[in-house]
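Let me begin by presenting the structure, written as C-alpha cells, before commenting on it.
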Amino acid sequence: MIEKGAFLEEDLTLEGNLIVGQDVKFWKNLTVSGRLELGKGSIIQGDVKARTALVCAAAKILGSVETVSELVLLDGAWVNVASCEGDIRVRPGCTLGSVKAGGTLELVGKVAVKRVEPLTKVIIRAE
C-alpha cells in the first residue's frame, strides 16, 4: 500500500497487489504482478503494467496501461493508451486516447475515446 499524497520519482516494480492512496504522483513506470488499485486523483507519468487494474475517479495515466485480465476506469479517469487482453469497462466522464481490448470494451454514459483499435468489440450503455 502506498499512502495518500506520496511522491515517487523512480520506476517501481512490485510482486503481488498494490493499493495506491489518493493524490499519489509517479514520475516513471509502475509494474505490478497482481491487482492495481490507483487512488483518486493520482497521476502516473510513465507506463503501467498489471494483471488487473482499477483506475479511480480523476486519476491520470499519461503513458500507457497494459493489463492481462481486466481494466476498469471510474468516473473522470484519463488514460493516454489502454490495452487489455480481457475486458475494459469505462464509466462516464473518462477520456481515452487509444484503446484495445481482447475481450469487450464497455462504455457507460458519455466517454471521450479518440481511437478504438481494430477488432475491439464495443458495447455502449446509457448511464
ask   = What residues have an amide H closer than 5 Å to that of Ala6, excluding those fewer than 5 places away on the same chain, when H is modeled at 1.01 Å from N in the peptide plane?
value = Lys25
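Could you pull out the longest piece of the chain with no exposed loop trypsin sites (Lys or Arg not before Pro) in it, calling a site exposed if DSSP puts it outside H, G, I, E, B and it has at most 16 other Cβ atoms within 10 Å?
Details: sites that count: Lys4, Lys28, Lys110.
That would be 29-109.
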inquiry  = Can you compute 3J(HN,Hα) from phi for each residue in region 38-43, using the Karplus curve 6.51 cos²θ - 1.76 cosθ + 1.60 with θ = phi - 60°, rounded to whole Hz and x for Gly and Pro?
reply    = 8, x, 4, x, 6, 10
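How would Val48, Val111 rank on accessible area, largest to smallest, probe 1.4 Å? Walk me through the numbers before you get to the answer.
On the way: Val48 0, Val111 35 Å².
Correct descending sequence by accessible area is Val111, Val48.
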message = Relative contact order for the chain: what percent, with Cα pairs under 8 Å and sequence separation of 6 or more?
response = 14
request  = Go through region 108-121 residue by residue and turn each phi into a ³J(HN,Hα) via Karplus (6.51, -1.76, 1.60, θ = phi - 60°); whole Hz please, and just put x for glycine and proline.
outcome  = 10, x, 7, 10, 9, 10, 7, 8, 10, 5, x, 6, 8, 7
request  = May I ask you to list the aspartates and glutamates whose Cα is less than 12 Å away from that of Lys110, ignoring any residue fewer than eight positions away on the same chain?
outcome  = Asp75, Glu127
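Take the cross-link list Lys28/Lys60; Lys40/Lys60; Lys25/Lys100; Lys4/Lys25 and give me the ones stretching past 18 Å between alpha-carbons.
Violating the 18 Å limit, Cα to Cα: Lys25/Lys100.
Can you tell me how the chain classifies by the Cα gyration tensor, rounded, prolate or oblate, using a/c under 1.5 as the rounded cut? Don't skip to the answer; put the middle values down first.
Details: a/c = 1.92, a/b = 1.53, b/c = 1.26.
Taking the square roots of the gyration eigenvalues as a ≥ b ≥ c, the chain is prolate.
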inquiry  = Out of the total accessible area of the chain (probe 1.4 Å, heavy atoms of protein only), what percent is carbon and sulfur?
reply    = 51
For Gly109, distant residues with modelled amide H under 5 Å away = Arg125, Ala126, Glu127
inquiry  = Output wanted: per-residue J couplings in Hz (rounded whole) for region 10-26, from phi through Karplus 6.51 cos²θ - 1.76 cosθ + 1.60, θ = phi - 60°, x for Gly and Pro.
reply    = 10, 4, 10, 10, 10, 8, x, 9, 9, 10, 10, x, 5, 6, 8, 10, 10
ask   = If you average the sequence gap of Cα pairs under 8 Å that are 6 or more apart and divide by the length of region 17-67, what percent do you get for the contact order?
value = 34
Per residue, in Å², the accessible surface of the chain once ligands and nucleic acids are set aside, probe 1.4 Å = 52
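The values are calculated or read from the model by the stated rules, or taken from the named source; none is laboratory data. Keep in mind the model is a prediction, meaning the values are calculated, not measured. For neighbour counting, all protein chains shown are included, and Cβ atoms are generated from backbone atoms with ideal geometry for every residue, glycine included. Heads up: the accessible areas ignore ligands, DNA and RNA and are worked out on the full protein's heavy atoms, side chains in. Shrake-Rupley method; radii C 1.70, N 1.55, O 1.52, S 1.80 Å.
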